[in-house]
Amino acid sequence: VSCLLPELPEQRFTVIGNVVDSKIFFYRKEQKDASVIRLCAVATWQHKKKADKMPELFIDALAVLQKKTERKMVLTLIGGGNRVPDLQEHCYRVGLTAQFPGFLPKEDLAEELHKTDIFVHASAIETFSIVVAEALACGVPVVCSQTGALPELVRENNGILCENTVADWTYALEKALSTDFDRPEIAEALSERFSKNSIGRKISEVYSSVLNGN
């Protein structure tokens with residue numbers, strides 16, 4: 001919040017995250033094909049005057065890594081929007097296999113996350129990013145932009161933050177793919193932090209503080 005509203009003193013606000021539904025988003029061990037690296041991103045892929053989502057960064061970085069490692073990479077971009085045709089063309093042009101299933105219900109999104117090795121999220125600005133939290137709740141390590149509220153979600157034990165350049169995204173993805181993340185631990189930590197009880201308790205504490213004149 002301090003980076004979005006620098007004129008607001010930290011004593012004047014309390015940051016409370018969104019609830020992540022643990023009945024839908026949870027860790028489940030999956031048998032994965034080690035010869036294929038599966039990555040996933042979720043957003044509304046829409047053209048805007050000022051771009052907020054920057055998928056070209058991880059598309060180009062993955063294309064570089066695919067050539068370098070000689071391992072097949074499959075990227076699933078979930079969500080709709082008028083940028084989808086351009087992104088399909090971009091993936092084809094750089095030789096990256098990509099799937100575009102469109103918008104998915106939460107239950108289907110969770111199924112995709114269970115199959116995912118790394119969740120990617122390239123953004124110019126973020127407030128909370130529920131999709132990053134949902135990926136972490138499924139135990140999926142995250143590589144994302146070091147911007148907005150994302151550093152509050154992603155730490156070295158559950159992912160990697162990077163600057164919005166292809167070179168830094170390439171480095172971050174390569175590092176993530178060589179890191180042995182503790183996926184059950186990632187899921188447990190996130191679920192405890194953003195459960196209904198935890199978020200409800202924090203909201204209650206704020207109201208109590210206000211009513212008590214603090």
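The values are calculated or read from the model by the stated rules, or taken from the named source; none is laboratory data. Quick caveat, the model's predicted, so the values are computed rather than measured. Heads up, the Cβs are rebuilt from the backbone with ideal geometry, glycines too, and the neighbour counts pull from every protein chain shown. With ligands, DNA and RNA removed, areas are computed over all heavy atoms of the protein, side chains included. Shrake-Rupley method; radii C 1.70, N 1.55, O 1.52, S 1.80 Å.
If the condition is being open to solvent by 50 Å² or more (accessible area, probe 1.4 Å), of a type outside the set (Lys, Arg) and under 22 Å from Thr97 (Cβ atoms), then segment 9-41 contributes Glu30, Gln31, Asp33, Ala34, Ser35. Within segment 79-104, residues that are under 22 Å from Lys67 (Cα atoms) sit with their Cβ atoms under 8 Å from residues that are part of a loop (DSSP other than H, G, I, E, B), at 6+ positions apart or across chains, in these pairs: Leu87/Trp45.
If the condition is being over 15 Å from Asp168 (Cβ atoms), of a type in the set (Asp, Glu) and open to solvent by 50 Å² or more (accessible area, probe 1.4 Å), then segment 42-85 contributes only Glu70.
Looking across segment 97-156, just one residue is among the small types (Gly, Ala, Ser), part of a loop (DSSP other than H, G, I, E, B) and over 17 Å from Ala43 (Cα atoms), and that is Gly139.
Among the residues of segment 181-214, those identified as open to solvent by less than 100 Å² (accessible area, probe 1.4 Å) and in a loop (DSSP other than H, G, I, E, B) are Phe181, Asp182, Phe194, Ser195, Gly213.
When we screen Val154, Val166 for residues that are under 11 Å from the mean Cα position of the chain (by Cα) and among the β-branched types (Val, Ile, Thr), the only hit is Val154. Within segment 95-129, the set of residues being at pLDDT 95 or above, open to solvent by 40 Å² or more (accessible area, probe 1.4 Å) and hydrophobic (A, V, I, L, M, F, W, C) comprises Phe100, Phe103, Leu104.
With respect to Lys32, is the statement that it is assigned to a loop (DSSP other than H, G, I, E, B) and either within 22 Å of Glu134 (Cβ to Cβ) or modelled with pLDDT of 95 or more (or both) true? The answer is yes for Lys32.
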